[in-house]
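Accompanying notes for the structure given below.
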Amino acid sequence: MYNNPDDQTIKELLNNCRTIAIVGLSDKPQRDSFKVANYLQQHGYRIIPVHPRVTEVLGEKAYKTLADIPDQIDLVNVFRKSEDTPPVVEQAVSLKPKAIWLQLGIANEEAAQIATRAGITFVQDRCIKIEHARLLGE
């Protein structure tokens, strides 16, 4: 069973990862993915929306897949069903981010193995917004 990194490691990620691709980012303000992206943006992070049916979210151009992003990504944050995460993580690994993060309620052992085999820090079943507020304070 995969164990998440300790608080110090997560804090370092939050301090050092400035460009975050958000897979499954909705353009609907009531959705959790939108609320998290908005929060991250307000705290100085650059967000890159990844969603096949959205062209722009929060003023940022959206991409259909991770592979379409031309920029270097520090962290990939995933809002997809647990069972849908292994292919997303496979694609994320090819971008060589510092970390791959599955949101609260999303966990997948196969996805964890894919990321850790590639030497990428992996976080699952945690909300990046909650962890940021908890570890770095409002």
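The values are calculated or read from the model by the stated rules, or taken from the named source; none is laboratory data. In this text, all values refer to a predicted model and were calculated from it rather than measured experimentally. Backbone-built Cβ (ideal geometry, glycine too); neighbour counts: all protein chains shown. When the accessible area is computed, the model is the full protein with side chains, heavy atoms only, and any ligands, DNA or RNA have been set aside. Shrake-Rupley method; radii C 1.70, N 1.55, O 1.52, S 1.80 Å.
Things to note:
- Flag if ILE69 is of a type outside the set (Asp, Glu), within 11 Å of the chain's Cα centre (by Cα), crowded, with 17+ Cβ neighbours inside 10 Å and more than 18 Å from ARG134 (Cα to Cα): no
- Hits in region 27-63 - residues which are open to solvent by 80 Å² or more (accessible area, probe 1.4 Å), assigned to a strand (DSSP E or B) and acidic (Asp, Glu): GLU56
- Some residue of region 33-48 being of a type in the set (Val, Ile, Thr) and closer than 15 Å to PRO97 by Cβ: yes
- Tabulated pairs, region 58-80, first without any contact (Cβ under 8 Å) to a residue 12 or more places away in the chain, second open to solvent by less than 70 Å² (accessible area, probe 1.4 Å) and outside any strand (DSSP E or B), C-beta under 6 angstrom, 6+ apart or interchain: none
- Tally of residues being assigned to a helix (DSSP H, G or I), over 19 Å from GLU83 (Cβ atoms) and within 14 Å of the chain's Cα centre (by Cα) across region 98-138: 5
- Selection count, region 15-26, where residues are outside any loop (DSSP other than H, G, I, E, B) and farther than 21 Å from LEU136 by Cβ: 1
- Options ALA99, ALA107: the member that is in contact with a Ser or Thr (Cβ under 7 Å, 6 or more places away or on another chain) and open to solvent by 20 Å² or more (accessible area, probe 1.4 Å): ALA107
- Some residue of region 121-130 being more than 23 Å from GLU12 (Cβ to Cβ) and not small (Gly, Ala, Ser): no
- Residue match in region 104-126 (condition: at pLDDT 95 or above, of a type in the set (Phe, Trp, Tyr) and under 19 Å from LEU25 (Cβ atoms)): no
- Condition met for VAL23 (out of contact with any strand residue (DSSP E or B) (no Cβ under 8 Å at 6 or more places or on another chain) and β-branched (Val, Ile, Thr)): no
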